[in-house]
Amino acid sequence: MSLSTRILSLATTLIIAAGVGSWLAYQKLTDSIIERWGRQVTEIQVRYDSARLLSSLEREIGLAKQLARSPSLIQWAAQPDNQTLQNKALHELENFRGGFSDKSYFVALIENRRYYFNNAQNDYAGEQFRYVLDPEKPDDAWFFQLVEEGRDFHLNVNPDTQLGVTKLWIDVLVRDAGGDIIAMVGTGLNLDNFLQDIVDIGQDGITTLFADYNGAIQLYRDRNYIDFGSIIKPEGQKKTVDLLFEDPQDKQQMLGMLAMLKKQGSAPGMVESGFVMVDGKKHLAGVAYLPTIGWFEITLLDLSVLLPKREFWPLVVVFIVALLVTLGVFYWVIQARVLRPVAVLEHAVKRVRDGRYDLPYLPKPDNEIGQLADHFEKMAERVRHNTQELEGRVAHRTEQLHRQARIDPLTELKNRRGLDESLHDMIARAEREQQNFGLLWLDIDHFKTINDKHGHQYGDDVLRRIALWLRATIRPYDQAGRWGGDEFVVIMDPSDQDTLKQVAERIRSTIATESAATGSPLSVSIGAYHCKPGESIDTILRHADQALYRAKGEGRNRIRIG
């Protein structure tokens with residue numbers, strides 16, 4: 001056998017051995033890449049789908065809760081037979097109807113079990129009363145079940161047979177001042193539209209569904225799997241997520257992921273994942289718990305569709321060419337065109353997984369890995385944009401809620417909670433800096449008589465004018481607020497005894513003068529207290545209240561310093 005033949009035979013043997021080894025390595029590498037990539041994409045997709053759902057529901061839920069706190073609705077629910085209160089409440093409901101995405105609302109009263117409804121077409125204008133809820137009817141069982149459970153907020157997918165509609169219902173309980181449940185209000189979202197916009201996104205290889213806290217399917221592209229009216233069904237009769245799987249181990253795995261997320265309290269961003277078989281094909285399942293609505297988001301990825309192995313076949317050609325040239329070229333080609341881009345891409349995927357979107361430079365060789373890197377870069381940018389947009393909405397909503405919780409809506413001054421926080425801050429600062437500050441407690445004289453004589457609307461106008469004069473009278477750095485009813489509080493810092501008395505007198509005289517000029521004379525009694533470092537809020541308020549009591553007892557329209 002000639003030397004050339006032996007070399008050729010040896011080279012052929014080496015190439016075949018290297019080819020077989022390379023082929024085996026290729027299979028293992030692609031499986032590993034697909035699995036790791038799939039897990040990364042699963043987490044991103046789960047968060048993205050969760051964000052899309054929450055962004056669609058957040059505004060509707062917030063508006064429904066705001067409606068549940070409507071004074072006119074609460075008054076009507078307490079006196080459902082009062083026609084004046086009913087008209088006022090229905091007018092308020094019609095105003096809210098325009099704000100809901102579905103342009104519909106419902107309200108159910110506890111006392112008389114009457115159910116009111118109006119839709120986007122305004123079909124029931126003037127006839128919002130639809131029927132009386134009956135505890136003996138299965139179709140009405142949801143209402144009595146929610147009232148019995150006492151959950152302030154609930155989501156459920158349920159058909160209303162009497163109205164002939166099937167919606168994703170947002171149910172919010174209405175409570176009176178004592179905390180008793182007096183009604184239920186909410187709105188609905190068209191189920192077909194919601195499924196099309198949120199669930200059935202039309203992307204091959206990705207299946208999204210949502211289940212409630214007990215695993216009952218609430219949103220899924222196949223309506224046959226949706227568990228309508230879950231709240232009234234006993235356990236064992238619900239259509240739960242395990243119905244999607246044939247293998248008992250897959251069923252157990254999915255239920256186990258749900259249980260783990262519930263047990264861990266679903267830390268922010270927590271996603272559980274695992275491989276399951278669906279319709280005879282291997283899928284990667286990702287699950288996240290959404291504590292704000294009490295649902296689970298489940299994403300099923302068919303990795304063979306999203307990232308099929310044939311996308312990696314050109315790598316085999318690269319291996320063969322590299323072996324035919326030299327092992328050095330082979331190593332350089334693999335290193336330059338495969339290993340390094342994949343390593344950088346993996347590093348980038350990890351950064352995105354950890355919530356960091358400042359990606360390093362991604363090498364983009366002219367092959368499928370380059371395309372994958374380009375797709376991933378664009379996908380990461382889109383996820384970053386969506387995340388920032390969602391965070392911005394959450395921050396804006398949080399700021400709004402923070403302001404609403406601390407500002408009196410009638411006078412736009414601080415409310416009692418806002419004043420409490422300011423007082424605690426002022427007490428801490430006074431003790432830290434050993435400085436005094438002042439507190440004025442104002443009470444409108446004979447305000448009950450004004451209300452009884454002129455009505456509450458006039459009384460509200462009086463409160464707004466008092467607030468306006470307070471803003472114009474106090475110093476720019478003083479803080480004014482409505483303590484409650486017809487009582488106002490002013491926190492003065494810095495302040496001494498003379499300044500305290502001067503500002504109090506200026507407030508009293510300004511209110512008397514300005515109100516007289518309007519033809520409706522008003523006066524206020526003021527209790528003042530010069531607060532010292534180390535005094536508690538109870539002590540400060542007690543002294544100011546005692547001073548106010550003396551001012552009122554001595555004839556009103558005067559100032560007394562405690």
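From the list LYS281, LYS251, the one residue that fits, being among the charged types (D, E, K, R), over 21 Å from ASP49 (Cα atoms), surrounded by 17 or more Cβ atoms within 10 Å (Cβ to Cβ) and without any contact (Cβ under 8 Å) to a residue 60 or more places away in the chain, is LYS251.
Applying the condition of being assigned to a helix (DSSP H, G or I) and small (Gly, Ala, Ser) to the stretch 347-395 and asking which residue is surrounded by the most Cβ atoms within 10 Å (Cβ to Cβ) yields ALA348. Of the residues contained in the stretch 162-171, none is found to be of a type in the set (D, E, K, R) and surrounded by fewer than 20 Cβ atoms within 10 Å (Cβ to Cβ).
When we screen ASP192, ASP212, ASP197 for residues that are surrounded by fewer than 18 Cβ atoms within 10 Å (Cβ to Cβ) and within 28 Å of LYS282 (Cα to Cα), the only hit is ASP197. Against the list (1) more than 24 Å from TRP37 (Cα to Cα); (2) modelled with pLDDT of 70 or more; (3) polar (S, T, N, Q), the condition GLN335 fails is (1). Among residues of the stretch 336-354 that are under 14 Å from HIS375 (Cβ atoms), those with a beta-carbon under 7 Å from a residue that is of a type in the set (A, V, I, L, M, F, W, C) and not in a helix (DSSP H, G or I) at least six positions away or on a different chain give the pairs LEU345/LEU362; ALA348/LEU359; ALA348/LEU362. Residues in the stretch 108-138 that are surrounded by 16 or more Cβ atoms within 10 Å (Cβ to Cβ) and over 22 Å from PHE96 (Cα atoms): LEU133 alone. Within the stretch 456-505, restricting attention to residues that are of a type in the set (Gly, Ala, Ser) and loosely packed, with under 14 Cβ neighbours inside 10 Å, which residue is farthest from ALA516 (Cα to Cα)? Looking at residues that are of a type in the set (Gly, Ala, Ser) and loosely packed, with under 14 Cβ neighbours inside 10 Å, I get GLY484. For the stretch 100-151, a residue qualifies if it is part of a loop (DSSP other than H, G, I, E, B) and in contact (Cβ under 8 Å) with a residue 60 or more places away in the chain, and the qualifying residues are PHE100, SER101, ASP102, SER104, ILE110, GLU111. Considering only residues that are farther than 30 Å from GLN145 by Cβ and at pLDDT below 85, which ones fall in the stretch 220-269? Those that are farther than 30 Å from GLN145 by Cβ and at pLDDT below 85: ALA267, PRO268, GLY269. Restricting attention to the stretch 64-95, the residues being surrounded by fewer than 18 Cβ atoms within 10 Å (Cβ to Cβ) and within 23 Å of the chain's Cα centre (by Cα) number 3. Scanning the stretch 518-534 for residues that are part of a loop (DSSP other than H, G, I, E, B), under 20 Å from VAL490 (Cα atoms) and not aliphatic (A, V, I, L, M) yields SER523, LYS532, PRO533, GLY534. Just one residue in the set ALA472, ALA480 is closer than 23 Å to MET426 by Cβ, assigned by TED's automatic domain parsing to the domain that holds ALA528, within 45 Å of the chain's Cα centre (by Cα) and in a helix (DSSP H, G or I); that residue is ALA472. Take the stretch 508-520 and flag every residue that is surrounded by 14 or more Cβ atoms within 10 Å (Cβ to Cβ) and either within 43 Å of the chain's Cα centre (by Cα) or under 16 Å from PHE447 (Cα atoms) (or both). ARG508, ILE511, ALA512, SER515 - these are the residues of the stretch 508-520 that are surrounded by 14 or more Cβ atoms within 10 Å (Cβ to Cβ) and either within 43 Å of the chain's Cα centre (by Cα) or under 16 Å from PHE447 (Cα atoms) (or both).
Of the candidates ASP538, ASP493, ASP545, the single residue that is in contact with a helix residue (DSSP H, G or I) (Cβ under 9 Å, 6 or more places away or on another chain) and among the acidic types (Asp, Glu) is ASP493.
Quick one: would you say SER515 is closer than 24 Å to LYS448 by Cβ and assigned to a loop (DSSP other than H, G, I, E, B)? No: the conditions fail for SER515. Give, as residue ranges, the strands (runs of 3 or more DSSP E) completely inside the stretch 161-268 that count at least 1 residues that are in the same structural domain as ASP134 (by TED's automatic domain parsing) and under 21 Å from the mean Cα position of the chain (by Cα). The strands (runs of 3 or more DSSP E) meeting that bar are 165-175, 181-190. In the set ARG97, ARG47, only one residue is at pLDDT 80 or above, basic (Lys, Arg) and more than 21 Å from VAL383 (Cα to Cα); that residue is ARG97. Have a look at VAL305, VAL329, VAL344, VAL321 and point out the one that is at pLDDT below 70, on the phi < 0 side of the Ramachandran plot and surrounded by fewer than 19 Cβ atoms within 10 Å (Cβ to Cβ). Just one listed residue meets the conditions, VAL329.
I'd like the residue in the stretch 418-446 that is part of a helix (DSSP H, G or I) and of a type in the set (Asp, Glu) and, out of all such residues, is surrounded by the most Cβ atoms within 10 Å (Cβ to Cβ). Applying the filter and picking the extreme gives ASP420.
The values are calculated or read from the model by the stated rules, or taken from the named source; none is laboratory data. Computed from a predicted model, the values in this text were never measured in an experiment. Please note: Cβ atoms are built from the backbone with ideal geometry, for glycine as well, and neighbour counts cover all protein chains shown.
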